[in-house]
Amino acid sequence: MTNKEIATKFFSCYQRHDHAGMHSCLDPAVQFDDLAFEGIRGAEVLAMWRWFCEKSDRRKEPVGVPAFEILRAEGDRVTVRYRVQYVLQDSPEAKRREVDYEIDALLTFRNGRIEKHRDESTISSFAFARMAVGFPACLAALTPIFRKKLRSQSIEKLHQYQASQAK
């Protein structure tokens, strides 16, 4: 398979919430970076994709991927734009927050598998925070502390998810 075909398979599996299919496209030491997760590798990346493909305590449904498109495929790099949709709700009494935005993914391949995956949102950190936490809490997105706190909370929740799967 070409790198473009592997990228297509990866995102098609994501659309179907087929984390095992997604995992088959990834190098065992894959590295992932985005606004919430920086420099996670291997088992953490696999767990993240599985978590996104399942219901969770904050999401009644898995992350939806209604569309994706290959923007560029050159050598060992493929750029993909994809859209995600999900609803966050911290507790039954908390307000439901609809999150819907596009992401540009830069995939780097080695030996027919995705070795590096970097996601960059097509919206600002402020716009993302406004969807995810609402106003006025999103004003914190304008501070450097926001990104550090978001990453810390995201890793903590990922590790909690991994621990729940190990039982």
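A compact table of results
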read-out: Cα convex hull volume per residue for segment 15-89 (Å³); value: 108 Å³
read-out: Using a Förster distance of 22 Å, the FRET efficiency for residue 87-residue 9 (Cβ separation, nearest 0.05); value: 0.20
read-out: For residue 54, residues with placed amide H under 5 Å, excluding near neighbours; value: 63
read-out: Gain on full stretching of the segment that runs from residue 1 to residue 97 - 0.36 nm per residue minus C-alpha separation; value: 30.7 nm
read-out: With Cα atoms, 0 to 90° folded angle of helix 144-166 axis to the chain main axis; value: 70 degrees
read-out: Rough spin-label spacing in nm, given labels placed 7 Å along Cα→Cβ, for residue 20 and residue 54; value: 1.4 nm
read-out: Flagged links, alpha-carbon separation over 29 Å, of 116/148; 4/149; 95/116; value: 4/149; 95/116
read-out: Estimated 222 nm signal from helices in the chain, with DSSP H stretches of n ≥ 4 weighted -39500 (n - 2.57), rounded to 500; value: -11000 deg cm²/dmol
read-out: Note, ³J(HN,Hα) from phi for segment 124-134, Karplus 6.51, -1.76, 1.60, rounded to Hz, x at Gly and Pro; value: 6, 4, 5, 5, 4, 4, 4, 5, 6, 10, x
read-out: Simple label model, 7 Å out from Cα along Cβ direction - residue 135 to residue 155, nm; value: 3.3 nm
read-out: Placed amide H near residue 101: partners under 5 Å, 5+ positions off or other chain; value: 84
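Every number here is computed from the coordinates shown, using simple stated rules; none is lab data. On a predicted model such as this, the values are computed, not experimentally measured, just so you know. We place every Cβ from the backbone using ideal geometry, glycine too, and count neighbours over all the protein chains shown.
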